[in-house]
Amino acid sequence: MIEALFSLPWWQILVLIVVCGHITIMCTSLYLHRSLTHQSLIFHPIAAFPMRLWLWFVTGMSAKEWVAVHRKHHAHCETENDPHSPVVHGWASILFLGVKYYRKESQNPETIEKFGKGVPNDILEQKWFEPMKYAGPFIMLGVVVYFFGWLQGLVFWTGLIVWVPFWAAGVINGLGHTLGYRTYEVEDESRNLSPLGILLSGEELHNNHHRFPTSPKFSRKWFEFDIGWLYIRMLVFLKLARIRLTDETFA
C-alpha cells in the first residue's frame, strides 16, 4: 500500500473536488466553449496553455472533438441531428448518459471534418495533447494517490473525472434544455438553469447563450451573474485575453 503524503479530513477532499471541478468547468467554458468553439475571444498563450494543460490532465478530451460536437449541437439543435438533444432522447438519458451521446458523435469523422475547423493544430496539439489525450487522467491518478493514498486518492480522482461528464454533458445539455426560465424566445428549448452562473462558470445561463452564441458574456439581465465573464474581464485587464467584438457581444 502507498502511504499518503497528506491525511485530510473527508470534508476537505470534497471541497477540493468542488474547487478543482470548478476550475475544470472554467477552462472548458472559457477556452473550449467561448474561445475555440464560438471564437468570441482570443487568449494569450500564457493564459491558454495552463487551461489546455489542465483539461488534458483532468478530462482526456480532444479539443477538436469537443468543438465539433458543440458546433453541431448549435447547427441542428433539437433535431435528430443534434448530438445530445433531450427533446429527442429524453432529459433523463442526457442527464445521466450525456457522455455516451458525446462520445458517439465525437467518433463521427464527418462531424469532426465539417465542424472541427479552426481549432489550433500547433506542435503541442499534434505531438502531445491529441495523441496522448488519455495519458493525462492516468498521470493525475498516480499523483493524487501519491498525495492522498489509495482510498482518498481514488475518490478525489473519480470526482474530477466525472465532473465534466455529469455537469456539462449531463446537466447543461439535459436540464439546460428542460428546466429553468427563458429570457429569450428562441427556436430551441434552451433554458437558464439559474440566474447565478457560479458553480458552472456561467454555463447555467444557457438560454442567453443560445440567443447570443458568439457573445463571450452570458449574463443579460441585471439579476444575472456570469462568473466566467468576471474571469474574462480579469484576463483582459491583465492583457492575457482579447474580446472579439460582434453585433451581439453586448446586445
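Between Lys221 and Phe237, full extension at 0.36 nm per residue minus the direct alpha carbon distance yields a gain of 3.4 nm.
So which of Lys117/Lys221; Lys217/Lys239; Lys72/Lys133; Lys100/Lys127 end up more than 24 Å apart by C-alpha?
Over 24 Å apart, Cα to Cα: Lys117/Lys221; Lys100/Lys127.
Quick one: Debye curve from the C-alpha atoms of the chain, no solvent, what's log10 I(q)/I(0) at q = 0.07, 0.16, 0.17 Å⁻¹? So the normalised log intensities work out to -0.23, -1.25, -1.39. Here the label points at Ala75 and Trp150, each 7 Å from Cα along the C-beta direction, are separated by 4.8 nm in the simple model.
Shape call for segment 94-191 from the C-alpha gyration tensor, a ≥ b ≥ c root eigenvalues: rounded (a/c under 1.5), prolate (a/b greater than b/c) or oblate?
Values: a/c = 2.71, a/b = 1.29, b/c = 2.10.
Note, shape of segment 94-191 comes out oblate.
Hydrodynamic estimate: the Kirkwood radius of segment 142-251 over Cα pairs, inserted into Stokes-Einstein at 20 °C and 1.002 mPa s, corresponds to D of 137 µm²/s.
Projecting the Cα atoms of Ile172, Val236, Pro83 onto the dipole axis of the chain, where Lys and Arg carry +1 and Asp and Glu carry -1 at the beta carbon, places Val236 farthest toward the positive end.
Can you pull the percent of Cα pairs in segment 29-139 with separation above 18 Å?
Values: 3174 of 6105 pairs.
So the pairs more than 18 Å apart make up 52 percent of the total in segment 29-139.
Take segment 191-237, compute every pairwise Cα distance, and split them into 10 Å bins from 0; I just need the percent in each bin. All Cα pairs, binned at 10 Å, distribute as 33, 57, 10, 0 percent.
Read-outs throughout are calculated quantities, based only on the coordinates presented, and are distinct from any laboratory measurement. Remember, it's a predicted structure, so these values are computed and weren't measured experimentally. Cβ sites come from the backbone with ideal geometry, for glycine too, and all protein chains shown count toward neighbours.
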